[in-house]
Amino acid sequence: MYVQTILGTKGSKVVTTRPGETIEATSRLLTANKIGAVIVADEAGKVVGVISERDIVGAMAAHGARVAAMRVEELMTRDVLTCRPSDTISEIMAVMTARRVRHLPVIEDDKLLGIVSIGDVVKHRLDEAALEVDSMRQYVQSVR
């Protein structure tokens, strides 16, 4: 299976923010959308970073309450790992595990097509497993 399969199920909506936005506003954005990370895009829509709940919590531990007024560009991860729609689920699982990331923007031809989270991958794998179990049950019942 491929990343495009997950996007076909979950959709391609991606929540983004700008590098100059405050951490307070970005925290509200994460909460309002019930997501764990947001893509940071420039005015042209190019991905320039990603900021996650983990980044914000780490900054709070280091800087305290003043984090709320800091800008996204001060905390975001700039070296963003990405994937393509044609990547396999196994490939992105290996990247997520090895690099300890929970979110991968899906990019093709410099265009942001969606985002895949570890939760999306787990859900997809569980759905696959359930389908296999159902198929095996039907097979066993048909040969009785």
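Derivation of every value follows stated rules applied to the coordinates shown; laboratory data play no part. For clarity, every value in this text was computed on a predicted model and none was experimentally measured. Neighbour counts run over all protein chains shown; Cβ positions are idealised from the backbone, glycine included.
Sorting LEU131, LEU113 on the 10 Å Cβ count, fewest up front, what's the list?
Values: LEU131 10, LEU113 17.
Fewest to most other Cβ atoms nearby, the residues stand as LEU131, LEU113.
By counting other Cβ atoms within 10 Å of each Cβ, how are ILE51, ILE89 ranked from fewest to most?
Details: ILE51 26, ILE89 19.
Going from least to most buried by this count: ILE89, ILE51.
Can you give the Kirkwood hydrodynamic radius for the stretch 57-110, in Å, rounded to one decimal and based on Cα pairs?
Radius from the Kirkwood sum: 13.4 Å.
Can you give the FRET efficiency to the nearest 0.05 for MET1 and LYS46, using r as the Cβ-Cβ distance and R₀ = 35 Å? It would help to have the intermediate numbers written out before the result.
On the way: r = 28 Å, r/R0 = 0.81.
With R0 = 35 Å, the Cβ-Cβ based efficiency is 0.80.
Give the average over all directions of the projected area of the C-alpha convex hull of the stretch 3-142, one decimal, in nm². All intermediate terms of the calculation are to be shown ahead of the outcome.
Values: hull surface 40.2 nm².
Its average projected convex-hull area is 10.1 nm².
Given R₀ = 30 Å, FRET efficiency for GLN141-ALA94 by Cβ-Cβ distance, to 0.05? Please report the intermediate quantities before stating the final value.
Numbers: r = 36 Å, r/R0 = 1.20.
Once the sixth-power term is evaluated, E becomes 0.25.
Mind putting a number on the dipole of the stretch 6-105 about its Cα centre? Charges go on the C-beta only, +1 for Lys and Arg and -1 for Asp and Glu, and I need it in Debye to the nearest 20. Walk me through the numbers before you get to the answer.
Numbers: 14 positive and 11 negative charges, 52 e Å.
Here the stretch 6-105 has a charge dipole of around 240 debye.
How much of the calculated P(r) for the stretch 1-73 lies past 20 Å, in percent of all Cα pairs? It would help to have the intermediate numbers written out before the result.
Working: 940 of 2628 pairs.
Tail fraction, whole percent: 36.
Just tell me which lysines come within less than 26 Å, Cα to Cα, of LYS123; anything on the same chain fewer than 8 places away is out.
Output for LYS123: LYS10, LYS13, LYS34, LYS111.
Given Cα pairs under 8 Å that are at least 6 residues apart, what percent is the relative contact order of the chain?
On the way: 181 pairs, mean separation 36.8, N = 144.
RCO, the chain: 26 percent.
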